[in-house]
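Derivation of every value follows stated rules applied to the coordinates shown; laboratory data play no part. Predicted, not measured: the structure shown is a model, and the values here were computed from it. Virtual Cβ from ideal backbone geometry, glycine too; neighbours counted across all protein chains shown.
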Amino acid sequence: MVNTHRPPATSSLNADRVSTGPRTGSAELPRLQEPYGEGTAAGWPVTTWQGWQHFATTPLPQPPRPGEAPRSRETRLAYHSAFVTVRTPAIDTLAHQVRTLMILGRHQQITARPSLIVTGPPAAGKTTALLHVGRTCHLAHTLRTPPPPGTAHTAVPVAYVLVPPGATAKTLVTEFARYLGIPIHTRMTQAQITDAVCHTYNSAQIQLVLIDEIHRLNPRTTTGAQAADLLKDLTERIRATFVYAGIDVTTTPLFTGVRGAQLAARATLISCGPLPARTGTRRPFTDTLTDLENALDLTHHTPGTLPRHTTYLHQRTAGRIGSLTRLIRQAAITAIHNGTEKNHQNHTGRRPTRPPRRNPPPPPHHPLKQPTPHQPQHPGKQKRGAPARTRNPQTAGPHTTRYRPTRRSLAGRPQHAQANTPTTKATPLPGTTATRDSPQIH
């Protein structure tokens with residue numbers, strides 16, 4: 001039986017840390033204690049409640065404001081390392097769909113609630129969009145239902161789970177338990193862990209479950225099929241909206257076949273593909289590139305430099321927001337290190353254009369290689385293997401090569417053609433026999 005007793009909070013400054021409770025067979029709700037200290041907040045991964053709480057409540061990096069004093073070099077390097085999150089069409093679509101589906105399934109108690117599937121190629125911004133929407137939901141819930149003074153948060157709105165490589169049903173449900181710090185020991189069966197997870201998630205009032213790297217599941221194997229069945233069971237027992245994200249999941253067997261068809265029938269597909277260069281009269285890639293340039297913190301950068309290289313950057317990154325953001329951040333850090341303080345095409349990997357190289361003049365002939373009077377030139381002589389020269393009748397001069405027929409060609413020609421062809425006949429010596437080519441002497 002799962003114990004949901006919550007011990008009283010020990011301090012009024014209890015907005016960040018989670019206590020997992022004693023290592024017993026019972027599961028407790030997340031209990032917030034003291035604020036994070038150095039090395040505690042950053043050490044927790046985002047797949048735990050401690051790490052997610054730190055990620056959601058940490059203020060986002062702010063771009064420089066007009067008229068603001070220049071920041072230090074180390075501050076600007078840290079800013080470009082974290083950088084801002086630019087809202088893309090995929091983020092706007094995902095945020096709108098999540099808000100709609102959460103309202104749609106709020107009072108649905110019997111069957112599974114509708115879910116979302118975020119698919120796309122690598123480096124297309126799927127995880128960034130997932131985390132951005134989760135952070136927005138977390139902050140909105142905290143602002144709407146603040147905890148009473150001197151008490152801890154009684155609800156956990158968002159859960160973020162990463163599918164482990166080669167996941168089985170037990171390892172996958174263990175990741176759900178690890179997020180809230182539910183004590184798990186080796187003797188617990190999969191059914192016991194699943195019961196504890198479902199009860200604790202419903203008691204913590206989790207409203208949104210984000211599952212990333214869903215393409216790692218393979219229902220064609222026995223363990224993968226059991227993990228897919230577990231997901232279906234969790235969507236029916238946990239009163240929350242599930243959002244899956246993975247690389248090209250529509251082409252994987254996860255959402256095909258008997259098991260996958262049921263998951264896909266309850267989900268709405270959102271494609272997080274590359275940004276197109278032009279959509280009608282709009283230019284999504286150029287607009288995103290302009291927003292990224294406006295967020296740079298370089299002292300000598302001229303606005304409008306990067307949009308002039310839109311075509312090159314679109315070909316270089318294939319329109320993927322993840323590759324574009326990484327390229328611009330790397331170029332900005334390089335510009336700060338070398339002191340140029342401006343982001344241009346050389347930092348993004350493009351070589352500057354050079355004027356076309358003119359053909360050099362032909363080298364002068366060496367005097368020793370010029371023909372002498374006793375060494376006549378042979379203009380018509382060709383090397384072995386060289387292509388045959390074609391004779392142009394319009395440019396042919398009087399000193400053209402005369403056609404000389406051979407014996408084989410004369411053998412097949414008529415008599416009148418052979419008579420007109422000048423040939424040289426040799427006269428045999430006295431006492432010898434005339435050959436075939438010499439005239440007969442009677």
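Calculated FRET efficiency, residue 93 to residue 338, Cβ-Cβ distance, R0 = 41 Å: about 0.55 to the nearest 0.05. Modelled this way, with points 7 Å down the Cα-to-C-beta line, the labels at residue 300 and residue 57 are 4.3 nm from one another.
In this structure, residue 308 and residue 250 have a Cβ-Cβ separation that, at R0 = 45 Å, corresponds to a calculated FRET efficiency of about 0.80.
Summary of the geometry: the stretch 75-109 and the stretch 296-343, compared by the centres of their Cα atoms, lie 24 Å apart.
Tell me, what is the FRET efficiency for residue 315 and residue 145 to the nearest 0.05, using R0 = 45 angstrom and their Cβ-Cβ distance as r? Write down the numbers at each step before the final one.
Working: r = 48 Å, r/R0 = 1.07.
That gives a FRET efficiency of 0.40.
Near residue 230, once Lys and Arg are set to +1 and Asp and Glu to -1 for all other residues with Cβ below 13 Å from its Cβ, the sum equals -1.
In a shell of Cβ-Cβ distance under 14 Å around residue 131, excluding residue 131 itself, what net charge do Lys and Arg (+1) and Asp and Glu (-1) give?
On the way: positive: 87, 126, 135; negative: 212, 213.
Once all neighbours under 14 Å are counted, the net charge is +1.
Counting Lys and Arg as +1 and Asp and Glu as -1, each charge on the Cβ, what is the dipole of the stretch 65-156 about the Cα centre in debye, to the nearest 20? Kindly include the intermediate steps, with their values, before the conclusion.
Details: 11 positive and 3 negative charges, 11 e Å.
Dipole of the stretch 65-156, to the nearest 20 debye: 60 debye.
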